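A.B. asks: Please read through the structure below; I'll follow up with questions.
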Amino acid sequence: MEEHASVMASLLESLARHYDLCSLALKQAESHDGGVSSEEGDLQTEEDKADMLAVLQRDAGEVDDVVNEIKERLDEMETTSVLVEQTVAQIGDHYRTMLSLLGSMHDGQSLLVNCTLQSKEFVQKQKDNQEVIAERLDELQRLTDHYVLFGEAYDALLVEVGRRIAVQRQKDTIIQEALAKIDMLNEGDLLEREQFRSEFGDYLPSDIWPGLSDPPGAYMIQPTDVWEIPEVKPGVIENAMTRRAAAISSGARQF
């Protein structure tokens, strides 16, 4: 644009000089036709006139070219001006788009800051939750260990119940056997006593032995302490004994 303006200014200046020469030539021609001249002045006028005519003739062929070049450069400048206006409009659009993007980026930055803060809060909450979960897992492990030991102890308790039942049955068997033997002894004793009384009772005073006619003494076995053994359904003790045996064989038994 600056180059076109400079060249057009130079061309317009050339046209102005050509116009001035043309005006000067016309004035001199009018002065010559009016008869106002001297001999020395006529010689200078003729020489100047010849020079001006030569210049005018030389420049006359270039006037159209100069005008055409000015028009071409003017057209190019107008075209360039349109392009510049379009470019300026596009730059304005881009500028407004950039402003919108910057606004969006600012909003996004604010949102990102909020998200970052929320993420930090979430991470902290997760850490707190992990600590709580770890504590709960420890409690759960302790409860698991406790109830595992409780299960083993309960199986041992069932086995102990079975053992005590077996011992009580052995005691009952011994007592029944002892009472049966005592009954047998009492039967023999009773026969012997009756035979003694039949042979010698008539000859002995009745008060010589107040207990002579008494029957054999009866025996009753009674526990001195009262205890209770829980009633267990059939198969429960056997299952507990099986679990205890399996725990002992696998080495998982705690006690």
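The values are calculated or read from the model by the stated rules, or taken from the named source; none is laboratory data. All values reported here derive from a predicted model rather than from experimental measurement. FYI the Cβ positions are ideal-geometry reconstructions off the backbone, even for glycines, and counts take in every protein chain you see.
A.B. asks: Can you tell me which residue among Leu179, Leu212, Leu190, Leu204 is out of contact with any Cys (no Cβ under 9 Å at 6 or more places or on another chain), closer than 26 Å to Gln168 by Cβ and surrounded by 12 or more Cβ atoms within 10 Å (Cβ to Cβ)?
C.D. replies: From the options Leu179, Leu212, Leu190, Leu204, the qualifying one is Leu179.
A.B. asks: Further question: Can you pull out the residues in region 216-255 that are closer than 30 Å to Gln195 by Cβ and either among the polar types (S, T, N, Q) or free of Cβ contacts under 8 Å to residues at least 40 places away in the same chain (or both)?
C.D. replies: Pro216, Gly217, Ala218, Met220
Per-residue answers, yes or no, for (1) farther than 30 Å from Val236 by Cα; (2) in a helix (DSSP H, G or I):
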{"residue": "Val167", "(1), (2)": "no, yes"}
{"residue": "Ile182", "(1), (2)": "yes, yes"}
{"residue": "Glu187", "(1), (2)": "yes, yes"}
{"residue": "Trp209", "(1), (2)": "yes, no"}
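A.B. asks: Based on this model, can you work out whether Asp93 counts as free of Cβ contacts under 8 Å to residues at least 60 places away in the same chain, outside the structural domain of Ser6 (by TED's automatic domain parsing) and assigned to a helix (DSSP H, G or I)?
C.D. replies: no
A.B. asks: Quick test of your reading of the structure: Ile229 fulfils all but one of (1) surrounded by 10 or more Cβ atoms within 10 Å (Cβ to Cβ); (2) among the aliphatic types (A, V, I, L, M); (3) assigned to a loop (DSSP other than H, G, I, E, B); (4) more than 60 Å from the chain's Cα centre (by Cα). Name the failing condition by number.
C.D. replies: The one condition Ile229 does not meet is (4).
A.B. asks: Oh, and also: Pairs needed: first member in region 155-179, under 22 Å from Arg243 (Cα atoms); second member anywhere, loosely packed, with under 11 Cβ neighbours inside 10 Å and not charged (D, E, K, R); C-beta distance under 6 Å; at least 6 residues apart or different chains.
C.D. replies: Val161/Pro230
A.B. asks: Same structure, new question: Checking Ala246 against (1) exposed (fewer than 11 other Cβ atoms within 10 Å of the Cβ); (2) of a type outside the set (D, E, K, R); (3) within 24 Å of Val148 (Cα to Cα), which single condition isn't satisfied?
C.D. replies: (1)
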